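Everything on this sheet refers to the single structure shown next.
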Amino acid sequence: MSEETTPPAAGDAEEPAVGTVYLIGSGPGDPELMTVKATRLLETCDVVLHDKLPGPKIIDSLPEDAEDVGKRAGGERTSQTEINQRLVDLAREGKDVARLKGGDPFVFGRGGEEAEYLAEHGVPFEVVPAVTSAIAAPAVAGIPVTHRDHASSVSFVTGHEDPTKEESAVDWGALAATGGTIVVLMGVGRLPDYTAALLEAGMNPETPVALIERGTWPGQRVATGTLETIVDARDEADISPPAVTVIGDVAATRERVLEFLGNEYDGEPTEFEV
């Protein structure tokens, strides 16, 4: 006779094992440029929370119940505090969570903040790196961010910050003096501010500049000019976010390779220069 088992008393049900949160970078936007690991996790995780920047093709390929926690038209958005807690709550329900971000999760993606919050609340997580758009968008437009003849260093800067505020975290004067490439992410709106700051710091007005809108997305567009003319080029081309700004001599290499640059991403027209 088999031994009788005593059913658990009410309220004694075991808590589900805590799930894992995967902080996943989608890369610059082309699904073919995502990592194999990122693609696999998006197919196998229980829940997907995504931003707006993974790109339209990637977002369209997500499960129907994927949660959009990105910024919406009109300025509406899910706060970072809400996202952090949502990740913890879902993991504590025993679910594996894919937290999908544009580019690399640790390059201006707030992945570091989420990782700290998860650790603080005892939730296991894993980071799935990706190619950041700061490198990929210029590359597919024919612009290397480093080049032995032009730049041996590159600086990545957020363009959200106001360069004129008294306690700026970005030292534009120091960047102007480096002689290397400056790549600005999320900087379309403040382009007049930080180009003026660089000019005031003594950077050559003829320094080449390129704006790459929606790099690797369908309809990618590029506007080129100089530190002195790029704002006019932006306005003439009506460049809008998301876009990457490349400042430095490397930006001029595009013109030397453009004729031979096979590019499936470029929309029409692709080139605007002032």
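Annotation: peptides 35-44, 235-244, ranked by per-residue average of other Cβ atoms within 10 Å with the highest first, follow the order 235-244, 35-44.
Dividing the alpha-carbon radius of gyration of the chain by 2.2 N^0.38 Å (N being the number of residues), what value is obtained?
Taking the Cα Rg and dividing by 2.2 N^0.38 Å, one obtains 1.20.
Only Cα pairs under 8 Å and at least 6 apart count here; give the relative contact order of region 96-249 as a rounded whole percent.
22 percent
Legend: residues Asp104, Asp249, sorted from most to least accessible area (1.4 Å probe; ligands, DNA and RNA excluded), read Asp249, Asp104.
In this label model, Val257 and Gln80 are separated by 3.4 nm, measuring between points 7 Å along each Cα→Cβ vector.
By how many nm would the segment from Ala196 to Thr44 grow when fully extended, if each residue of separation counts as 0.36 nm and the alpha-carbon distance is taken off?
Answer, rounded to one decimal: 49.9 nm.
If Ser133, Ser26 are ordered by their accessible area, calculated over protein heavy atoms with a 1.4 Å probe, which sequence runs from highest to lowest? Numbers along the way, then the final one.
Values: Ser133 35, Ser26 0 Å².
Output order, biggest surface exposure first: Ser133, Ser26.
Just to confirm a number: summing +1 for Lys and Arg and -1 for Asp and Glu over residues other than Glu114 whose beta-carbon lies under 14 angstrom from that of Glu114, what do you get? Net of charged neighbours comes to -4.
Assuming R0 = 35 Å, can you tell me the calculated FRET efficiency for the pair Thr35 and Glu228, based on Cβ-Cβ distance, to the nearest 0.05?
Working: r = 40 Å, r/R0 = 1.13.
Efficiency, from the Cβ-Cβ distance: 0.30.
Based on Cβ point charges of +1 for Lys and Arg and -1 for Asp and Glu, what charge dipole magnitude is obtained for the chain about its Cα centre, in debye rounded to the nearest 20? Mind showing how you got there, number by number?
Details: 21 positive and 49 negative charges, 107 e Å.
With Lys and Arg at +1 and Asp and Glu at -1, about 520 debye.
How would Arg148, Arg214 rank on accessible area, largest to smallest, probe 1.4 Å?
From most exposed to least exposed: Arg148, Arg214.
The values are calculated or read from the model by the stated rules, or taken from the named source; none is laboratory data. Because the structure is predicted, anything quoted here is derived from the model rather than measured. Every residue, glycine among them, receives a Cβ derived from its backbone with ideal geometry; neighbour counts consider all protein chains shown. SASA here: full protein model, heavy atoms, side chains in, ligands and nucleic acids out. Shrake-Rupley method; radii C 1.70, N 1.55, O 1.52, S 1.80 Å.
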